[in-house]
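The values are calculated or read from the model by the stated rules, or taken from the named source; none is laboratory data. Only a predicted model underlies this, so the values are computations on that prediction, with no experimental measurement involved. Virtual Cβ from ideal backbone geometry, glycine too; neighbours counted across all protein chains shown.
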Ligand SMILES: NC(=O)c1ccc[n+]([C@@H]2O[C@H](COP(=O)([O-])OP(=O)(O)OC[C@H]3O[C@@H](n4cnc5c(N)ncnc54)[C@H](O)[C@@H]3O)[C@@H](O)[C@H]2O)c1
């Protein structure tokens, strides 16, 4: 075990918070501090109501907070005292200027780099935890080279592969940890310090070392591959609907091929989350920058297929509901981009809700964890949207229910009771294929799944 060090993480979001909590829990001799410019967020991390929901997170924070895990707003002090600085700030898609809508917006990243530069003295290892365009470490190193007084800052890449909803499990039992650095003596020394942290609980063979560019690019490539599997199966879901094949049967049949494997073959209304879309568009932008247009077009089609799937879902709802939803109450079950999180960033539910609102429906949104974020996402539409925690109440008087998040609780509702309170004919659009469609049909519903035969009365 290595001697205890001061670890700082800049950015207390979905990645910084859980990642540092697990590091603190697994490495009791390290002192871990998490800082953020958002003071409210830091207050929440220090309270009983954490700013994010993740299964297992509350318990772990309570176990480590104020022992060797601290949340603070004093970024400069944190930088001064740290030996190792993880940077986990957001890197959203740029909304302005060159590369708008595609390139990564690196303003938060660069501000952080400059703040580190202004406050650092002595030797520190800077760890890229955020997902960044390949070769960002070179830009960071150049910024750090501008330092006039005594500081030696080595940049290491350690992208995060956790998935929201299973973050703690993923961090405690990762498939792998990737650490990239320069191949110089200083680079390798810095890499070894990061390896030493993870080696507390991750088997050594699962800690992959690489050069810094491979590490940066592997994160983008990994998200591109995962999203591509979803778009691939979704493309087949449309073909299933046209041919009476069943997408779950097709997915099972192809997933049992050991070369393909079963994961990420669940057809749905589409992928969401803050990462897939932004990281693929960023990849497309990078490829274009290198003149690799065929590669850029190939990956762009993954995002386009996802958009098409979302549009198709709304079109199916509209045409099934007799080509009009104006004035109709439609209940959306689930608003988070996936189960077990309150995160709604890029959730397909936002697209579906907006599509229905454009057609003048009255939309009722139910979700066990995401209503606060849903309210913010649709704040410009507050007149035509109702937020309702109880799904039974949400469905009362509705013409249709759309399942948009695969929360377990929606599998176990009393759909017979719900049917009695809805307007008839009643419709269920199962955007996650989690319900028993035959059973619902026998209760009287018209049932539309993804890539399934439509069950119409
Ligand atoms: N969310 C995921 O599932 C996930 C998974 C893997 C990787 N990532 C990547 O990790 C990075 C962070 O993602 P996230 O989901 O945690 O984002 P987030 O928006 O939840 O958190 C980022 C935090 O950084 C803070 N911040 C921004 N600029 C700052 C500054 N100058 N100083 C201090 N704090 C600052 C913000 O206030 C925010 O709280 C992104 O690059 C993302 O692509 C995310």
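All of 78, 122 fail the test of being more than 19 Å from residue 212 (Cα to Cα), more than 9 Å from the ligand (Cβ to nearest atom) and at pLDDT 95 or above, apart from 78. For residue 17, the conditions (1) closer than 26 Å to residue 371 by Cβ; (2) touching a helix residue (DSSP H, G or I) at 6+ places or on another chain (Cβ under 6 Å); (3) assigned to a helix (DSSP H, G or I) are fulfilled apart from (2). When residue 225 is tested against (1) surrounded by fewer than 22 Cβ atoms within 10 Å (Cβ to Cβ); (2) more than 30 Å from residue 336 (Cβ to Cβ), exactly one condition is not met: (2).
In region 158-177, how many residues are closer than 18 Å to residue 213 by Cβ and within 12 Å of the ligand (Cβ to nearest atom)?
Restricting attention to region 158-177, the residues satisfying the condition of being closer than 18 Å to residue 213 by Cβ are 158-161, 176-177.
After this cut, where a residue has to be within 12 Å of the ligand (Cβ to nearest atom) as well, the list is 158-161.
So the count comes out to 4.
Of all the residues that make up region 94-104, how many are more than 10 Å from the ligand (Cβ to nearest atom) and within 26 Å of residue 155 (Cα to Cα)?
So the count comes out to 4.
State which residue is farthest from the ligand (Cβ to nearest atom) when the search covers only region 24-54 and only residues that are in a helix (DSSP H, G or I) and in contact with a helix residue (DSSP H, G or I) (Cβ under 6 Å, 6 or more places away or on another chain). Before the answer, list the steps.
Within region 24-54, the first condition is being in a helix (DSSP H, G or I), and the residues that meet it are 24-26, 39-45.
Checking which are in contact with a helix residue (DSSP H, G or I) (Cβ under 6 Å, 6 or more places away or on another chain) leaves us with 24-25.
Details: 24: 17, 25: 18 Å.
Here the residue is 25.
Checking each residue in region 424-457 for being in a helix (DSSP H, G or I) and touching a strand residue (DSSP E or B) at 6+ places or on another chain (Cβ under 6 Å) picks out 437, 440, 441.
If you go through region 410-423 and keep only what is touching a strand residue (DSSP E or B) at 6+ places or on another chain (Cβ under 9 Å), touching a residue at least 24 places away in the same chain (Cβ under 8 Å) and within 17 Å of residue 334 (Cα to Cα), you end up with 410, 415, 418.
For region 60-88, the set of residues classified as within 19 Å of residue 130 (Cα to Cα) and in contact with a strand residue (DSSP E or B) (Cβ under 6 Å, 6 or more places away or on another chain) consists of 71, 75, 78, 82, 83, 84, 85, 86, 87, 88, listed by residue number. When every residue of region 59-66 is checked against the conditions, none turns out to be touching a helix residue (DSSP H, G or I) at 6+ places or on another chain (Cβ under 8 Å), within 16 Å of the ligand (Cβ to nearest atom), outside any loop (DSSP other than H, G, I, E, B) and within 23 Å of residue 196 (Cβ to Cβ). Every condition in (1) over 20 Å from residue 134 (Cα atoms); (2) within 11 Å of the ligand (Cβ to nearest atom); (3) out of contact with any helix residue (DSSP H, G or I) (no Cβ under 7 Å at 6 or more places or on another chain) holds for residue 107 except the one numbered (1). Taken over region 105-131, the criterion of being touching a strand residue (DSSP E or B) at 6+ places or on another chain (Cβ under 7 Å), surrounded by fewer than 21 Cβ atoms within 10 Å (Cβ to Cβ) and within 21 Å of residue 219 (Cβ to Cβ) is satisfied by 105 alone.
In region 67-79, which residue that is surrounded by fewer than 14 Cβ atoms within 10 Å (Cβ to Cβ) and not in a helix (DSSP H, G or I) is farthest from the chain's Cα centre (by Cα)?
Here is the first cut: in region 67-79, the residues surrounded by fewer than 14 Cβ atoms within 10 Å (Cβ to Cβ) are 67, 74, 76.
Checking which are not in a helix (DSSP H, G or I) leaves us with 67, 74.
Working: 67: 29, 74: 27 Å.
Among residues in region 67-79 that are surrounded by fewer than 14 Cβ atoms within 10 Å (Cβ to Cβ) and not in a helix (DSSP H, G or I), the one farthest from the chain's Cα centre (by Cα) is 67.
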